[in-house]
1. Mind jotting down the three principal axis lengths of segment 103-201 based on Cα atoms? Whole angstrom, largest first.
2. Per the Cauchy relation, a quarter of the hull surface: what is the mean projected area of the convex hull of the alpha carbons in segment 1-72, in nm²?
3. Return the ratio Rg/(2.2 N^0.38 Å) for segment 143-281, where Rg is computed over Cα atoms only.
4. Using amide H atoms built 1.01 Å from N in the peptide plane, name the residues 5+ places from Gln165, or on other chains, whose amide H lies under 5 Å from its own.
5. With axes computed from alpha carbons, what is the tilt in degrees of helix 25-38 against the longest principal axis of the chain, rounded to the nearest 10 within 0 to 90?
6. Under a plain spin-label model, where a point goes 7 Å from the Cα along Cα-to-Cβ, how far apart in nm are Lys103 and Ser233?
7. What percent antiparallel are the DSSP beta bridges of the chain, to the nearest 5?
8. With an 8 Å cut-off on Cα pairs and a minimum separation of 6 or more residues, tell me the relative contact order of segment 143-281 in percent.
Amino acid sequence: MKLFNRHKVLLSTIEELNKAGINSRIAIVKSLFLLREEYNFSEKMPFYHFFAYKYGPFSHLCFDDLRKLRDNNLIDDDEETSITPAGKELLTKVGRTHNQTIKTMLKSFPTEKKITDYVYQKYPEYTVKSELLEQKPKKSSPGFFTIGYESKDIDQFLNVLISNQIELLIDIRRNPFSMNFIYIKDALMKKLKDVGIDYLHIPELGIESEERKNLNTKADYEELFAKYRQTLSIKEVYINRIIELGTTKRIALLCFEADCNFCHRREVAKVIKSKKHEVVNL
């Protein structure tokens, strides 16, 4: 197994938590979240991002790494998560990472309960999906949003959607494919369903791939969008459907580009705005 810096951080964290008698995967993830949020690990640990899930902050990448460490016999992950002798030997060879910071955190939060209680109290925005909460947060008013997944891993992407209480993601890509597998239609639908967000694909509002070639300047984009605007009058039925949905729930229009000024969803948003609805780009 090729050991990246994040694997060393994860192994070191597990080792120190084990010494404190903390062995659950949920506590490990919450500890990494605390290290990132309160111990300046956002710069040291830029690889893990978190979103609100069933038991508080969660990271798909962290859980994938835990599986890799387990598959390589560096941790035991049957009933409890603990570092193996092979894992300790590896850390001795490659060096333990940020152990002093982890120990400092454990002085303030020496048990899983203290970690959990603090996270739930200090970061309620990461507990809105929690199965441990008896009272669920109030729903926000319906509304229209747009989002691009460019430069976002799936944890960052889901965090933005959940933080804004998006209930329905409307994919307006012509072809819902991506170089990043997780944003291919079926894979994305699965991740969304897991956090209670519905998905709808309206390919009729997309732009053919052939038309998106050779876009090198802002002028190229503006020319493309000018042509696209001319087609929207015959696609009004699809925009009206979006407006109807957005008056009863919080929806987000999805495409690739982070900057909506370089994405055709800007033009769809303009039509929605012309009908007296506010649209926010996330």
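1. Ordered largest first, segment 103-201 gives principal extents of 52, 33, 19 Å.
2. If you wrap the Cα atoms of segment 1-72 in a convex hull and average its projections, you get 4.8 nm².
3. Scaled against compact globular proteins, the figure is 1.00.
4. Under 5 Å from the amide H of Gln165 lies no amide H from a residue far enough along the sequence or on another chain.
5. The angle comes out near 70 degrees.
6. Here the answer is 7.4 nm between the modelled labels.
7. 25
8. After rounding, I find 44 percent.
Computed from the coordinates by the stated procedures, all read-outs in this text should not be read as laboratory data. These numbers come from a predicted model, not from an experiment. No Cβ is skipped: glycine too gets one built from the backbone with ideal geometry, and neighbour counts run over all protein chains shown.
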